[in-house]
Amino acid sequence: MTKTAPFKYFDVVVGAFVAVILISNVASTKILLLGPFTFDGGTILFPISYIFGDILTEVYGYRRSRRVIWIGFGSAFLMSAVFIIVGKLPAGPGWENQEAYDKILGLTPRIVLASLVAYFSGEFSNSFTLAKMKVLTNGRWLWTRTIGSTLIGEGVDTVLFVAIAFAGLWPVPLLLSVLVSNYVFKVLFEAAATPFTYLLVNFLKRNEGIDVFDRHRDFNPFRLRLEEKVST
């Protein structure tokens, strides 16, 4: 069937996805120790972005998910640029918090590059993998593609971010500890959230009247044109 009417919840999912991306980027400035895991603070929330990414691709298809990923990318880039510009501008008389600002929000170009490259590569890897697995499984076994796509997407994201941001700056043992802890925590988080993902996916499919299979999709991440009709 085709769907041309506006969706009821698409904008809500998009807003939540972008909010998670932005909050995670700010929270990542602190390194945490939680039990056996050592990771940046953004890891507490960032795995939810992959859950939303799974939901977007599973329900609305890769084509719409691709646009949302770009919206998140643009939002993160704008946020980083504003933080850097504000940090470089002279402080007003009486404001003595420049050092604190620089420590928390004074992003370096290397961190910004790492964040954007990791986000772009990881999210598109996740969306592509899920879309392909959905076709291969004919829509069955949702858990296999939510977890399977996360294994690939989070792996790409974590390796790129840690390597670009901290290689040469941190001791190798700390680098490996953060990388492994980030990856394991994110995958376990996704697996634990599977029941929630099932509930939300089924709710959206039922109420939006859509369930897209990307059987003949152009997966070029740079093709942003969105046709009006969606085959389901």
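The values are calculated or read from the model by the stated rules, or taken from the named source; none is laboratory data. Keep in mind it's a predicted model, so treat the numbers as computed, not measured. Neighbour counts are summed over all protein chains in view; Cβ atoms, including those assigned to glycine, are modelled from backbone coordinates with ideal geometry.
Among the residues of segment 71-101, which ones are loosely packed, with under 14 Cβ neighbours inside 10 Å and not in a loop (DSSP other than H, G, I, E, B)?
If the condition is that a residue be loosely packed, with under 14 Cβ neighbours inside 10 Å and not in a loop (DSSP other than H, G, I, E, B), then Gly74, Leu78, Ala81, Val82, Ile85, Val86, Lys88, Gln98, Glu99, Ala100 are the ones that fit.
Tell me whether segment 162-173 contains one or more residues that are among the β-branched types (Val, Ile, Thr) and crowded, with 20+ Cβ neighbours inside 10 Å. If you could, list the steps in order and put the result at the bottom.
Pass one, segment 162-173, residues among the β-branched types (Val, Ile, Thr): 162, 164, 172.
Going one step further and asking which of them are crowded, with 20+ Cβ neighbours inside 10 Å, we end up with 162.
Within segment 162-173, one or more residues are among the β-branched types (Val, Ile, Thr) and crowded, with 20+ Cβ neighbours inside 10 Å.
For segment 139-180, which residues satisfy the criterion of being polar (S, T, N, Q) and free of Cβ contacts under 8 Å to residues at least 60 places away in the same chain?
Matches in segment 139-180: Thr144, Thr158.
Looking at Leu176, Leu160, Leu169, which is the one that is of a type outside the set (Ser, Thr, Tyr) and not in a helix (DSSP H, G or I)?
On inspection, the qualifying residue turns out to be Leu169.
Within segment 60-78, can you find the residues that are farther than 16 Å from Ser121 by Cα and in contact with a Phe, Trp or Tyr (Cβ under 9 Å, 6 or more places away or on another chain)?
If the condition is that a residue be farther than 16 Å from Ser121 by Cα and in contact with a Phe, Trp or Tyr (Cβ under 9 Å, 6 or more places away or on another chain), then Tyr60, Gly61, Arg64 are the ones that fit.
Would you tally the residues in segment 181-197 being in contact (Cβ under 8 Å) with a residue 40 or more places away in the chain and either in contact with a Cys (Cβ under 8 Å, 6 or more places away or on another chain) or buried (at least 17 other Cβ atoms within 10 Å of the Cβ) (or both)?
9
From the list Leu33, Leu22, Leu45, pick out the single residue that is exposed (fewer than 15 other Cβ atoms within 10 Å of the Cβ) and on the phi < 0 side of the Ramachandran plot.
Leu33
So, of the residues in segment 123-133 that are closer than 17 Å to Val68 by Cβ and in contact (Cβ under 8 Å) with a residue 40 or more places away in the chain, which turns out to be nearest to the chain's Cα centre (by Cα)?
Glu123
For segment 110-130, name all the residues that are among the aromatic types (Phe, Trp, Tyr) and either buried (at least 21 other Cβ atoms within 10 Å of the Cβ) or not in a helix (DSSP H, G or I) (or both).
Result: Tyr119, Phe124, Phe128.
Check off (1) assigned to a helix (DSSP H, G or I); (2) modelled with pLDDT under 90; (3) aliphatic (A, V, I, L, M) for Leu107 and give me the number that stays unchecked.
Only one criterion in (1) assigned to a helix (DSSP H, G or I); (2) modelled with pLDDT under 90; (3) aliphatic (A, V, I, L, M) is unmet by Leu107, namely (1).
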